[in-house]
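Contents: one structure, followed by commentary.
Taken together, the values in this text are just the output of simple stated rules run on the coordinates, not laboratory data. All figures in this text were calculated on a predicted structure; none of them were measured in a lab. Positions of Cβ are backbone-derived with ideal geometry, glycine not excepted, and every protein chain shown enters the neighbour counts.
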Amino acid sequence: MFNYIVVGAGFAGSVIAERIAKQLNKKVLIIEKRNHIGGNCYDERIENILIHKYGPHLFHTDEKQVWDYLNNFGEWDIYHHRVLAFIDGKKVPIPFNFNTLYEVFSNELAKRLEKKLLENYKYNSKIPILELKKSDDKDLKFLADFIYEKIFVNYTAKQWGMKPEEIDNAVTARVPVFIGKDDRYFNNKYQGVPKDGYTKLFQNMLNHPNIKIMLNTNFKEVMQIDQKTKKIYFLNQEFKGKLIFTGMIDELFDYRFGELPYRSVDMKFETIEKEYFQEAATVNYPNDYDFTRITEFKHIHPVKSEKSVILKEFPQQYIKNKNTPYYPIFTEENQEKYNKYLEFSYNFKNIVLVGRLAEYRYYDMDDIVKRALEVFEEKINE
Ligand code: UDP
């Protein structure tokens, strides 16, 4: 009936399904365990305010091809994300940049540090905190220690249960120190949010007669992966088509090499009886409270309302079947375990792995759209 089965209706699965349906004009079945499409991008309205159910999703990319592709499925609003961090009783812009410098230090000290930074780094460059920390200049060392202590160490402890050095350097490098005055969270060429929300965008993407969607279904309910014979069954019949799997690779192979650790987040939404709660879309709380950040969605999707909706994110350990695996945890040990799964997957000629969970990578939305388009060309449109 189907030559293609996609597990998971997030960006990875939906882009590939859309390409199969439109480009190849072939039928494709999507199996999704949640009761909705869109994966963690899913949004819905509370009090007529569009909220991101699984945490703030701000789209940003330098890839014109990705931006153009996504613009096929609805209009986008221009949106530049700004984040403040609550430090020593003050809300200051992050990524840490020259504006932050002048807000946290006296004019005189800020000037000296700014001069030092400009003598050592290029204007408008980005320096990961762990790199700045290696500086042997006295002033820069002081600055690096300040930023590390006030912005990174406690936030990372909450978010990952680890020190910044214990996790892959790329994680804290996502929020580098910025040698300049741009205080946007991202400085990519294309930035925005879908005008009518991500869910609508996914609906437009998947609205095609070649695409069938099975919601509320764990793939294990309808598929068997025989690890001995390397055969795949769909509704008890051998499936010889392509299985595009975007879920957890350890679950796919029945945890044969043990569970891969993930980090989860408890998302707590609150309705506020005020027009606005805070001055920016997101305020990070590195050192105070048990949540990492508060996001107020009206700043992202503006709407006239006497009320506002905020989200507090409480990171927590991922526990199988209890909460949601949001982030792979990047340590060498975990990467080795993942590699065992990846190697084992090569025995299955018709399984294609794509996405944050299946590839155990910290993909952003644009990365995953790009990756899915590439995988489609390389492994599916053969
Ligand atoms: N980070 C931090 N303090 C901050 C913001 C970020 O220590 O105020 C670190 C933290 O380790 C976090 C990582 O940088 O996990 C990446 O942050 P980002 O905002 O990109 O995380 P995401 O939005 O993907 O959860």
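Here are a few things to note about the model shown:
- In order through the range 118-134: 3J(HN,Hα) via Karplus (6.51 cos²θ - 1.76 cosθ + 1.60), integer Hz, x for Gly, Pro: 5, 6, 9, 9, 6, 4, 6, 9, 10, 10, x, 4, 5, 7, 4, 5, 7
- Based on every Cα atom in the range 118-236, Rg and the maximum pairwise Cα distance Dmax equal 23.4, 68 Å.
- Stretched out straight at 0.36 nm per residue, the stretch from residue 182 to residue 114 would grow longer than its current Cα-Cα span by 23.1 nm.
- Percent RCO, i.e. relative contact order, over the range 1-136, from Cα pairs under 8 Å lying at least 6 residues apart: 12
- The simple Förster model, with R0 at 35 Å and r as the Cβ-Cβ distance, assigns residue 88 and residue 269 a FRET efficiency of 0.80.
- Spin-label model, residue 24/residue 71: points 7 Å from Cα along the beta carbon direction are separated by 2.8 nm.
- Rounded FRET efficiency, nearest 0.05, which uses the C-beta distance separating residue 174 from residue 48 and R0 of 35 Å: 0.60
- Take the Cβ atoms of residue 303 and residue 203, set R0 to 25 Å, and the FRET efficiency comes out at 0.80.
- Under-5 Å amide H pairs with residue 76, H placed in peptide plane, nonlocal only: 195
- Backbone geometry of the range 335-340 corresponds, through the Karplus equation with coefficients 6.51, -1.76 and 1.60 at θ = phi - 60°, to 3J(HN,Hα) couplings of 5, 5, 5, 4, 4, 5 Hz, x marking Gly and Pro.
- Semi-axes of the equivalent ellipsoid for the chain, Cα gyration tensor, largest first, Å: 39, 24, 19
- For the pair residue 107 and residue 157, label points projected 7 Å from Cα toward Cβ lie 3.6 nm apart.
- Order of 300, 167, 78 under a 10 Å beta carbon neighbour criterion, fewest first: 78, 167, 300
- Summed residue charge, Cβ within 11 Å of residue 285's Cβ, Lys/Arg positive, Asp/Glu negative: +1
- Normalising the average separation of contacting C-alpha pairs (under 8 angstrom, six or more residues apart) by the number of residues puts the relative contact order of the range 236-363 at 37 percent.
- Beta-bridge orientation, the chain: approximately 70 percent antiparallel, per DSSP, counting only bridges with both partners inside.
- Distance between the range 70-85 and the range 278-294 - C-alpha centres, whole angstrom: 21
- Working from Cα pairs under 8 Å separated by at least six residues, relative contact order for the chain is 26 percent.
- Taking every DSSP beta bridge that has both ends in the range 1-86, the antiparallel portion is near 50%.
- Once the convex hull of all Cα atoms in the range 185-253 is built, its volume per residue stands at 182 Å³.
- Projecting the Cα atoms of 21, 38, 107 onto the charge dipole of the range 2-115, computed from C-beta unit charges around the Cα centre, puts 21 farthest toward the positive end.
- Nonlocal amide H pairs with residue 262, under 5 Å, H built at 1.01 Å: 318
- Inter-label distance for residue 233 and residue 215, nm, one decimal - labels placed 7 Å from Cα along Cα-to-Cβ: 2.9
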